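Readers should treat all values here as calculations from the given coordinates under stated rules, not as data from a laboratory. Note that this is a predicted model, so its numbers are computed, not measured. So basically every Cβ, Gly included, is an ideal-geometry build from the backbone, and we count neighbours across all protein chains shown.
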């Protein structure tokens, strides 16, 4: 007998401002609480100047290097962009989110997101 289950929730994560923010624990806790053993987890971010990534979560230097790189691709330079109504970091954040993702799909196995050893959600 196959039983199909789904769960949906809006997870609210307080950010501490600009940068990468580890959310692996919050996501894993929610998945574990659904009692879904096997399936697919879809994360979707409803924000136009933020994004989701799966990155190494063991060495914080990885996130620092990624932030440095993204700052070179989309620098905070008010004279460079037309859109600046929400501050000098807003348009660069829009560009950075365009280059990354606003949705991720990850397998769930044994009630946990099936991430690699060093992977985490940011």
What number, in percent, do you get for the relative contact order of the chain if the mean sequence gap of Cα pairs under 8 Å and at least 6 apart is divided by its residue count?
-> 43 percent
Within segment 44-58: backbone nitrogen closer than 15 Å to the residue 10 label point (7 Å, Cα to C-beta) | 44-48
Helix 60-73 vs. the chain, principal-axis angle (Cα, 0 to 90°, nearest 10) | 50 degrees
Would you mind checking the tilt of helix 90-99 against the longest principal axis of the Cα atoms of the chain, expressed as 0 to 90 degrees and rounded to 10?
-> 50 degrees
Nearest 10 degrees, 0 to 90: what angle lies between the long axis of helix 24-33 and the longest principal axis of the chain (Cα atoms)?
-> 30 degrees
Per the helix-only model, the chain has a calculated mean residue ellipticity at 222 nm (DSSP H runs of ≥4, -39500 (n - 2.57) each, divided over all residues, rounded to the nearest 500) of -8500 deg cm²/dmol
